[in-house]
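These notes concern the structure reproduced below.
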Amino acid sequence: MDLIQAIIIAIIEGITEFLPISSTAHMKFANPFLGIADTPFVDLFEIVIQLAAIGSIVVIYYKRFFNFKHYSFYLKLIVAVIPALIFGALLKKHIDAALNNLWIIAIVMVAGGVLLLFMDKLFNKPAVETEELTYKQSFVVGCFQVLSIIFPGLSRSAATIIGGMSQKLTKKTAAEFSFFLAVPTMLAASAKSTLDVYQDHPEVFSNDNLLTLLIGAVVAFIVALISVKFFIQFVQKKGFALFGWYRIALGLTIMALLYTKYL
């Protein structure tokens, strides 16, 4: 992976991380088009830039994250992240295999897109704000997050927003709780992935690679700052249908390219 490729992937990550269209799918689809081989460094790079993108949430919502008077906020995030930690550890082999199968990712993209087409009608009676979310509801949202682990391409954002809206959260509140939950989830995933790569491939941590990681992280962080604000405004006004159609179109396109051996 050269620096130009790294910047392009980081931009893709920053744009797609918080949209319900799966940043993982977009990176996996983009890699072969850009001539990026699947290597331990590339796997590490994708995790690191995801964490950097999610760091934008801490900046945007810093008052919420650093308001230590409301400790229940942190406890609810812990409760919500537990299912992902458990299933992520138990299903690691399945996850690794699925992440390397573009057919699975493309099919899940289409299926998730169909679901998004009906999101606004299925969950049209919101009633709960984030501060009022119970521990049980937080856990339910966390269980929905597991679906994005089991089915790469579903989108962690889409799964948790659907989970939040199923618990009668408004679109804005469901999206924001999804953002908040991404922070501990990706911290844990990044720490585990970095440790695994360091143990198995210490040569990956060369000065050149570390510089590429840093540049990619900065780019993903800046782009994500813009993407988050756009998404919150857009989904409140327009809903999720456009994201659904986009997922379906992209998933079908990738399947066609795979079938014809162009990808």
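Can you list the helices (runs of 4 or more DSSP H) found entirely within region 62-159 that contain at least 1 residues being of a type in the set (Ser, Thr, Tyr) and closer than 19 Å to SER193 by Cβ? Step through it out loud before you land on a result.
On the way: elements: 62-65, 72-90, 92-99, 102-117, 119-122, 135-150.
Counting at least 1 such residues, we get 135-150.
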Note: among PHE144, PHE151, just one is at pLDDT 95 or above and under 14 Å from the mean Cα position of the chain (by Cα), namely PHE144
(1) at pLDDT below 95; (2) of a type outside the set (Asp, Glu); (3) buried (at least 19 other Cβ atoms within 10 Å of the Cβ) all hold for VAL81 apart from (1)
- prompt: Among the residues of region 88-98, is any among the hydrophobic types (A, V, I, L, M, F, W, C), under 21 Å from PRO184 (Cβ atoms), out of contact with any Leu (no Cβ under 8 Å at 6 or more places or on another chain) and surrounded by 13 or more Cβ atoms within 10 Å (Cβ to Cβ)?
  reply: yes
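Among the residues of region 215-248, which ones are over 25 Å from ASN124 (Cβ atoms) and surrounded by 13 or more Cβ atoms within 10 Å (Cβ to Cβ)? Full working, then the answer.
Of region 215-248, the ones over 25 Å from ASN124 (Cβ atoms) are 215-227.
Answer for region 215-248, where residues must be over 25 Å from ASN124 (Cβ atoms) and surrounded by 13 or more Cβ atoms within 10 Å (Cβ to Cβ): ILE215, GLY216, ALA217, VAL218, VAL219, ALA220, PHE221, ILE222, VAL223, ALA224, LEU225, SER227.
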Output for Cβ contacts, cut-off 8 Å, separation at least six or different chains, first residue modelled with pLDDT of 95 or more and of a type outside the set (Val, Ile, Thr) in region 1-15, second buried (at least 18 other Cβ atoms within 10 Å of the Cβ) and assigned to a loop (DSSP other than H, G, I, E, B), reads GLN5/ILE36
Say whether the condition of being in contact with a helix residue (DSSP H, G or I) (Cβ under 6 Å, 6 or more places away or on another chain), in contact (Cβ under 8 Å) with a residue 12 or more places away in the chain, of a type outside the set (Gly, Ala, Ser) and surrounded by fewer than 18 Cβ atoms within 10 Å (Cβ to Cβ) is met by at least one residue in region 152-160. no
For VAL110, the lone unmet condition from (1) surrounded by 18 or more Cβ atoms within 10 Å (Cβ to Cβ); (2) over 29 Å from MET255 (Cα atoms) is (2)
What do you reckon, is ALA89 under 18 Å from SER148 (Cα atoms) and in contact with a Pro (Cβ under 9 Å, 6 or more places away or on another chain)?
no
Check your understanding: Do we find a residue being in a helix (DSSP H, G or I), of a type in the set (Gly, Ala, Ser) and closer than 21 Å to CYS143 by Cα anywhere in region 42-52?
Key -> no
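The values are calculated or read from the model by the stated rules, or taken from the named source; none is laboratory data. In this text the structure is predicted, and so the values were computed from the model without any measurement. Every residue, glycine as well, gets a Cβ built from its backbone with ideal geometry; the counts of neighbours run over all protein chains shown.
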